Amino acid sequence: MNQENKAIIFDVGGVLLDYDRDNLLNNISRMCDKHTRSETVASLINGLELSRGVNTPKTLYDELKVNHGLSTSFEELANYWNGGLSGRDWVADLLADLSTQTTLIILSDTNAMHWDHITDNILDLNLFSHVFVSHQSGMMKDSRAIFDLVIEKIDFEPAQLLFIDDTLSNTMHASDSGMAIHHFSDKNEMLFAICEHLEN
């Protein structure tokens, strides 16, 4: 099977870019009253289901301001929140090179604010043939369903797909759908997995 009949599906945060979630939560909690801990902010974000698109980041801002003493503007909150995301210096060249060899796809659990920041400042979406993000689809990688949907929407068989993610449970759901998987922890190990996928 040649490379034109293969595709690579990338997670974004933790793979194509750095995502310091703990620092992000701590920064937001420090802008609130003294009783608001980072765990409180995390619970609120999860409860609002921002990554499923159930609520928007503005809903989070209003909740923090009214009930947790948030003392900043929405724009300042956005800057702090997006500050947890940063590009990796090797990613742009890697994606540019891979895009000439095979099909690239994004599958990411994210929210509208983060996604706008990522697409405006970090990633070139022109390199990807398909983009699946949770706040638009309403589906996350915490079950097999989103992987089955991806397979349904693109012109590849599951075995032709390599899914790369830094969360082990996500890769297990992808494997259940028939995809090849790589649990990301190291750039060089990922490159080996990509080469193996494209050459076999």
Original post:
Normalised by the residues of the chain, what does the relative contact order come to in percent, with Cα pairs under 8 Å and at least six apart?
Top reply: 28 percent
Subject >> Bridge type composition, the chain - antiparallel percent by DSSP, nearest 5 >> reply: 15 percent
Subject >> In sequence order, calculated HN-Hα J values of the range 96-102 (Karplus, 6.51, -1.76, 1.60; Hz; x Gly/Pro) >> reply: 4, 5, 5, 5, 8, 10, 7
Subject >> Most fluctuating residue given options G87, G138, G47, as computed from a GNM of the chain linking Cα atoms under 10 Å >> reply: G47
Original post:
Among W90, W81, which comes first, then next, by fewest other beta-carbon atoms within 10 Å?
Top reply: W90, W81
Subject >> Gyration tensor (alpha-carbon) shape descriptor, the range 128-187, a/c threshold 1.5 >> reply: rounded
Original post:
Cβ under 13 Å from D176's Cβ, D176 left aside: what net charge do those residues give with Lys, Arg +1 and Asp, Glu -1?
Top reply: 0
Subject >> Using alpha-carbon coordinates, inclination of helix 38-48 to the longest axis of the chain, degrees >> reply: 70 degrees
Original post:
What number comes out for the charge environment of G84, summing +1 per Lys or Arg and -1 per Asp or Glu over other residues with Cβ under 13 Å away?
Top reply: -2
Original post:
Which whole-number percentage describes the relative contact order of the range 100-174, with Cα contacts under 8 Å and a sequence gap of 6 or more?
Top reply: 30 percent
Subject >> Residues whose placed amide H lies under 5 Å from that of R88, excluding near-sequence neighbours >> reply: D18
**OP:** Note the angle between two axes, namely the Cα long axis of helix 187-199 and the longest principal axis of the Cα atoms of the chain, as a number of degrees from 0 to 90, rounded to the nearest 10.
**Re:** 40 degrees
Original post:
Which cross-chain or sequence-distant (5 or more) residues have an amide H under 5 Å from the amide H of F163, H modelled 1.01 Å from N in plane?
Top reply: I9, A180, I181, H182
Subject >> Cα pair distances in the range 41-200, grouped into 5 Å bins until the bin that holds the longest one, percent each >> reply: 1, 8, 15, 19, 19, 15, 10, 7, 4, 2, 0, 0
Original post:
Of M140, M172, how do they rank once you tally other Cβ atoms within 10 Å and put the fewest first?
Top reply: M172, M140
Subject >> Calculated [θ] (222 nm, deg cm²/dmol) that DSSP helices of n ≥ 4 give over the chain, each run adding -39,500 (n - 2.57) >> reply: -13500 deg cm²/dmol
Original post:
In whole Å, how far is the Cα centre of the range 142-200 from that of the range 3-31?
Top reply: 16 Å
**OP:** With r as the distance between the Cβ atoms of T59 and N5 and R0 = 30 Å, compute the FRET efficiency 1/(1 + (r/R0)^6) and round to 0.05.
**Re:** 0.10
Original post:
Can you give the Rg to Rh ratio of the range 21-82, both from alpha-carbon atoms, with Rh computed by the Kirkwood formula?
Top reply: 0.91
**OP:** Quick one: angle between helix 57-67 and the longest Cα principal axis of the chain, in degrees between 0 and 90, rounded to 10, please.
**Re:** 30 degrees
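Every number here is computed from the coordinates shown, using simple stated rules; none is lab data. Quick caveat, the model's predicted, so the values are computed rather than measured. Heads up, the Cβs are rebuilt from the backbone with ideal geometry, glycines too, and the neighbour counts pull from every protein chain shown.
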